[in-house]
Amino acid sequence: MKFVAPELTHTKKVRVVHLADHTGRLQVIFPEDSMLDLAAIARLTKRRFDPIANYNTAGDPLLQSANCSSIIEKSLLKESFIEIRSNANSQYHQLPTEDFITRFSGPLSRFENISIHIDDIQKPSSNYLNDEQQMLESLGQFQSIRLKQRLEETLEIPPLPAISNQIIRLSSNESSGMDELCDVISLDPSLAAQVVSWAASPYYGAKGGIESVKDAIIRVLGYDMVMNLALGLSMGNAFAQPEDGPRHYEDFWLSSVSHAALMEALVAVVPIAHRPSSGHAYLTGLLHNFGFLAISTMMPPHFSILSRYKEANAHLTSDIVEMQILRFTKEQLGSWLLKHWDIPENICIAIRYSKSPSYQGEYANLANLLYITHQLNSHQEIEPSVLERIGVSLEQVEACHSKVQQSSAELYKMVALINGKKS
């Protein structure tokens with residue numbers, strides 16, 4: 001008997017997103033492995049639509065074609081089957097493409113090219129030494145940005161706060177000690193009050209009152225932690241928190257503090273042979289998203305566009321959307337900016353490669369630890385090889401995450417302390 005190969009069938013999971021403008025609503029349907037192109041929607045409709053939902057990784061409810069205008073990604077016509085769900089809480093169900101087309105054959109529906117497959121989106125430079133040139137070339141696509149020879153002149157970055165400069169100089173002086181650190185922090189009374197309140201918070205469980213920065217160092221946090229905490233908090237004053245960011249985006253400092261606390265917990269379970277500095281791990285967590293603030297401050301119009309794309313593509317990681325819209329990531333910009341401000345190289349490189357689980361270059365342990373922190377805080381799977389490289393188990397890191405989450409109320413109070421100081 002002659003063997004006959006079975007006919008290959010193609011199945012594609014799709015995502016439903018609702019958009020709206022001042023005159024009405026539009027339903028768009030496109031593949032899960034693609035990014036919705038809002039510019040394509042604008043060209044086709046001659047209208048400016050924004051996502052309705054603030055944040056919905058699973059997608060919006062599927063509306064009947066007779067009840068709402070719909071635009072469906074044209075490439076889905078090539079598939080044999082469509083996998084779709086009626087709402088975010090339901091299971092995917094398979095539908096023959098012919099039936100899917102019939103369902104959306106009415107006058108309110110059309111099939112057009114409205115999405116970009118993620119494999120067709122440019123990747124960041126693999127070598128961070130090429131980041132500056134890549135970012136300069138990328139900025140050339142924006143007519144509103146006047147390019148100059150150097151990136152810092154093109155973006156007109158703000159100066160580093162004076163107190164941050166002093167702390168950086170102090171950290172590079174091996175002969176400096178607790179008295180010098182206390183003197184520097186005391187130059188900014190509000191920063192000193194934050195450090196004291198930090199150490200006195202129930203999160204650290206210190207017995208008795210904490211009355212001074214020196215007390216915070218000796219009794220609770222330690223020299224390195226106070227050094228890096230003060231540096232991270234003071235650097236936050238360089239930028240204002242964005243007002244037109246993705247509506248689902250959590251408070252900048254909540255993300256920073258949550259990452260820092262988890263980095264602090266994870267360092268304790270990493271074997272000594274692979275363990276980075278606890279203070280540097282904490283600072284890396286605090287500064288991990290600094291590029292987000294940099295984009296919002298130095299490129300406001302483009303940041304607004306980027307934010308709408310992130311809302312519409314909440315199923316994708318931020319770096320994918322950033323690469324399509326900006327042609328560089330916030331990790332690239334943040335790392336470059338921190339290096340420009342003389343932040344230690346290991347922190348800059350860790351932030352740069354924190355979305356790269358395959359990274360095994362210099363300071364990989366710190367970068368891998370930040371990757372694990374990202375994945376845990378966003379409830380995403382962790383690449384097993386990363387855990388193996390730094391010598392920890394999935395059970396260990398999940399236990400650390402659970403412990404930090406149990407203290408979330410205290411972390412919120414710490415964030416309120418920061419935001420209250422900045423308001």
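The values are calculated or read from the model by the stated rules, or taken from the named source; none is laboratory data. Predicted model, so just to flag it, every value in this text is computed and none were measured. Glycine gets a Cβ as well: all are built from the backbone with ideal geometry, and neighbour counts include every protein chain shown. Note: accessible area is taken over every heavy atom of the protein model, side chains too, but ligands, DNA and RNA are not part of it. Shrake-Rupley method; radii C 1.70, N 1.55, O 1.52, S 1.80 Å.
I'd like to know if the range 405-416 contains one or more residues that are under 17 Å from ALA268 (Cα atoms), open to solvent by 30 Å² or more (accessible area, probe 1.4 Å) and in a helix (DSSP H, G or I).
Yes; the residues of the range 405-416 include at least one that is under 17 Å from ALA268 (Cα atoms), open to solvent by 30 Å² or more (accessible area, probe 1.4 Å) and in a helix (DSSP H, G or I).
Taking the range 324-356 as the region of interest, how many residues are touching a residue at least 60 places away in the same chain (Cβ under 8 Å), open to solvent by 30 Å² or more (accessible area, probe 1.4 Å) and either part of a loop (DSSP other than H, G, I, E, B) or at positive phi (or both)?
Qualifying residue count for the region: 3.
What single numbered condition from (1) free of Cβ contacts under 8 Å to residues at least 60 places away in the same chain; (2) open to solvent by less than 20 Å² (accessible area, probe 1.4 Å) fails to hold for LEU76?
Status for LEU76: all satisfied but (1).
Given the conditions (1) out of contact with any strand residue (DSSP E or B) (no Cβ under 7 Å at 6 or more places or on another chain); (2) within 25 Å of ILE157 (Cβ to Cβ); (3) modelled with pLDDT of 95 or more, report the number of the one that PHE290 does not fulfil.
Just one mismatch for PHE290, condition (3).
Name the residue, out of ASN89, ASN67, that is at pLDDT below 95 and under 28 Å from the mean Cα position of the chain (by Cα). Show your work before the answer.
Details: ASN67 fails: under 28 Å from the mean Cα position of the chain (by Cα).
The conditions single out ASN89.
Collect the residues in the range 252-269 that are within 10 Å of CYS400 (Cβ to Cβ), of a type outside the set (Asp, Glu) and either in a helix (DSSP H, G or I) or open to solvent by less than 10 Å² (accessible area, probe 1.4 Å) (or both), keeping them in residue-number order.
Listed by number, the residues that qualify are ALA261, LEU262, MET263, ALA265, LEU266, VAL267.
What number of residues within the range 141-171 are open to solvent by 80 Å² or more (accessible area, probe 1.4 Å) and touching a residue at least 40 places away in the same chain (Cβ under 8 Å)?
Selection size over the range 141-171: 4.
Under 7 Å by Cβ, and 6 or more places apart or on different chains, what pairs join a residue from the range 91-111 that is without any contact (Cβ under 8 Å) to a residue 24 or more places away in the chain with one that is open to solvent by 50 Å² or more (accessible area, probe 1.4 Å) and in a helix (DSSP H, G or I)?
Partner pairs satisfying both residue conditions: THR97/LEU77.
Suppose we keep only residues that are farther than 30 Å from VAL184 by Cα and in a helix (DSSP H, G or I) within the range 133-152. Which one would you say is modelled with the lowest pLDDT?
Of all residues in the range 133-152, those farther than 30 Å from VAL184 by Cα come to 133-151.
Next, from what is left, pick out any that are in a helix (DSSP H, G or I): 133-139, 151.
Values: GLN133: 93, GLN134: 93, MET135: 93, LEU136: 93, GLU137: 92, SER138: 93, LEU139: 92, LEU151: 88.
Of everything passing the filter in the range 133-152, LEU151 is modelled with the lowest pLDDT.
Okay, residues lined up against (1) in contact with a strand residue (DSSP E or B) (Cβ under 8 Å, 6 or more places away or on another chain); (2) not polar (S, T, N, Q):
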site: ASP60; (1), (2): yes, yes
site: ALA88; (1), (2): no, yes
site: LEU95; (1), (2): yes, yes
site: ILE114; (1), (2): yes, yes
site: ILE121; (1), (2): yes, yes
site: LEU129; (1), (2): no, yes
site: GLN133; (1), (2): no, no
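Inside the range 193-203, can you point out the residues that are crowded, with 16+ Cβ neighbours inside 10 Å, over 18 Å from GLN166 (Cβ atoms) and not polar (S, T, N, Q)?
Within the range 193-203, VAL196, TRP198, ALA199, ALA200, TYR203 meet the criteria.
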